[in-house]
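Written out below as structure tokens is the structure these notes cover.
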Amino acid sequence: MNLTLTISGVCCDLALHPVNVETAARVCMLGDNLYKTNSIEWWRANSNNTCGMRLTADARIEAALDGACIAFDVSRMSASAAMLTQRPFLESPEKSLCLLGYDDEACSRTWTWRNVTDYDMSRFEFFVQRWDAILGVADYLVIDDVCYDGRPADEAVWGESEGFTFRTPLIVPAAAARELAAATRRAA
């Protein structure tokens, strides 16, 4: 049997980059024009970006087994949320982080697992990143990836893309992100 999980809603592609005082000032001065400079290379440098589906109240989440809809508990996704996985800023001596990217692309993502012998909702494992401390938005969660029964999907396909708008670059204190990461490690 084929198991599919589809999330339709909003995709985001965000990245954090440690910046020194001079670079932070340049980011603030340029604002949205930063994306017109070679600084755009930061956005995806060293796989330092997160591309995933936002878990929002209006996201449509559907699970199916051989095309027939099956039960799915959406609350398990938010329960597995962890501090964002972008860790380079933890080792950086810089006091500020620059946030680049977008978070408003209407699209969908479908994960498919082939040859599933039986379905048990508890076998899903979600890789969900928590961005709320960085963005100041409660429960700002991004679904990065999904596994079922200990294995990644045989296929993960993006679809229905309708374009996006870059966020205004944002400078945030690195200390807050470091404190949150430390609290997450202590709680684990």
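Just so it is clear, none of the values below were taken in a lab; they were calculated from the coordinates. No experiment lies behind these values; they were computed from the predicted model shown. Cβ sites come from the backbone with ideal geometry, for glycine too, and all protein chains shown count toward neighbours.
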Whole number please: convex hull volume per residue, Cα atoms of the chain, in Å³.
124
Using packing as a proxy for protection, rank 165-174, 57-66 so that the peptide with the highest average count of other Cβ atoms within 10 Å comes first.
165-174, 57-66
Net charge over other residues, Cβ less than 12 angstrom from the Cβ of V116 (K, R count +1; D, E count -1)
-2
With the chain treated as a Gaussian network of Cα nodes joined by springs under 10 Å, which of L34, L141, L97 yields the largest mean-square fluctuation?
L34
Return the calculated 222 nm mean residue ellipticity for the chain, to the nearest 500 deg cm²/dmol, obtained by summing -39500 (n - 2.57) across DSSP H runs with n ≥ 4 and dividing by the residue count.
-5500 deg cm²/dmol
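Under a Cβ-Cβ cut-off of 15 Å, what is the net charge of the residues other than T165 that fall near it, where Lys and Arg count +1 and Asp and Glu count -1? Let's see the in-between values first.
Values: positive: K36, R54, R167; negative: D13, D32, D103, D104, E105, E162.
Neighbour charge sum, excluding T165 itself: -3.
Place a +1 charge on the Cβ of each Lys and Arg in the stretch 3-186 and a -1 charge on the Cβ of each Asp and Glu, then give the dipole magnitude about the Cα centre in debye, rounded to the nearest 20.
The calculated dipole for the stretch 3-186 is roughly 660 debye.
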Treating the angle as unsigned and between 0 and 90°, give the value, to the nearest 10°, between the Cα long axis of helix 21-30 and the longest Cα principal axis of the chain.
80
So what's the angle, to the nearest 10 degrees on a 0 to 90 scale, between helix 174-187 and the longest Cα principal axis of the chain?
40
